[in-house]
1. From the helices alone, meaning DSSP H stretches of at least four residues, give me the mean residue ellipticity at 222 nm for the chain, per-run term -39500 (n - 2.57), in deg cm²/dmol to the nearest 500.
2. For each pair in Lys22/Lys53; Lys22/Lys104; Lys72/Lys111; Lys53/Lys111, compute the distance between the two Cα atoms and list the pairs where it is over 23 Å.
3. Counting pairs of alpha carbon atoms under 8 Å apart in space and at least six apart in sequence, what relative contact order in percent does the chain give?
4. Thr40 to Ser68: FRET efficiency via 1/(1 + (r/R0)^6), r the Cβ-Cβ distance, R0 22 Å, to the nearest 0.05?
5. What is the sum of charges, Lys and Arg at +1 and Asp and Glu at -1, for the other residues whose Cβ falls under 12 Å from the Cβ of Arg20?
6. Projecting each Cα onto the charge dipole of the chain (Lys/Arg +1, Asp/Glu -1 at the beta carbon, about the Cα centre), which of Ile25, Ala73, Gly56 comes out farthest on the positive side?
7. Tell me which label goes with the value of Kirkwood radius over Cα pairs in Å computed from the coordinates here: (i) 17.3; (ii) 16.6; (iii) 18.8.
8. Given +1 on the Cβ of Lys and Arg, -1 on the Cβ of Asp and Glu, and no further charges, what dipole in debye does the chain carry about its Cα centre, rounded to the nearest 20?
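Every number in this text was worked out from the coordinates using simple rules, so none of it is lab data. Note that the structure is a prediction, hence the values are computed from the model and not measured. No Cβ is skipped: glycine too gets one built from the backbone with ideal geometry, and neighbour counts run over all protein chains shown.
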Amino acid sequence: MKCPFCSSTESRVADSRLSRDKETIRRRRQCLSCGRRFTTSERVESAMPMVVKRDGRREPFNRLKIMSGLRKACEKRPISIDHLERIVNRIEQGIQEAGEREVKSTVIGQKVTDELRSLNGVAYVRFASVYRQFKDINEFMDELTELLGNRTKETTKGRKKR
């Protein structure tokens, strides 16, 4: 493992812990050259499909891209990183279980959109405004109206149950 401070490849593992999701191992390492400590994360590498972009390009599946999009959408919202990590895990697992060699980026985007819609309205609208590429303000307003209509129905249902 290459030290992020001095680039030495010699380090020792000081501590290893299984993550909460039990999918990764976090290792605390100490560089044998400069003595500084750093953390690494280890996960099983599985054969993930290639992602087919809208323009036809293909690239390897990258869970960090999904996490990045979620973080941007959820910025300044009361949503923990652990919750976002669970979302990424569900999406990744769903894609793996499908067993396809290729997956369209639109399928991944829809999965993210579905997760955000049920999680937080503001995060959903942020993500959808970029992902869905609304052609004009009217399309965007239609989406907001639908979202607000669904929220009103849910609130009304909750009041009737009481």
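1. Details: 5 runs with 80 residues, N = 162.
It comes out at -16500 deg cm²/dmol, rounded to the nearest 500.
2. On the way: Lys22/Lys53 31 Å; Lys22/Lys104 28 Å; Lys72/Lys111 16 Å; Lys53/Lys111 15 Å.
Long pairs (Cα-Cα over 23 Å): Lys22/Lys53; Lys22/Lys104.
3. On the way: 164 pairs, mean separation 23.4, N = 162.
Relative contact order, the chain: 14 percent.
4. Values: r = 20 Å, r/R0 = 0.89.
Efficiency computed from Cβ-Cβ geometry: 0.65.
5. Values: positive: Arg17, Lys22, Arg26, Arg86; negative: Asp21, Glu23, Asp82, Glu85.
Neighbourhood net charge equals 0.
6. Among Ile25, Ala73, Gly56, the one farthest towards the positive end of the dipole of the chain is Ile25.
7. (iii)
8. Numbers: 38 positive and 23 negative charges, 139 e Å.
In total the dipole reaches around 660 debye.
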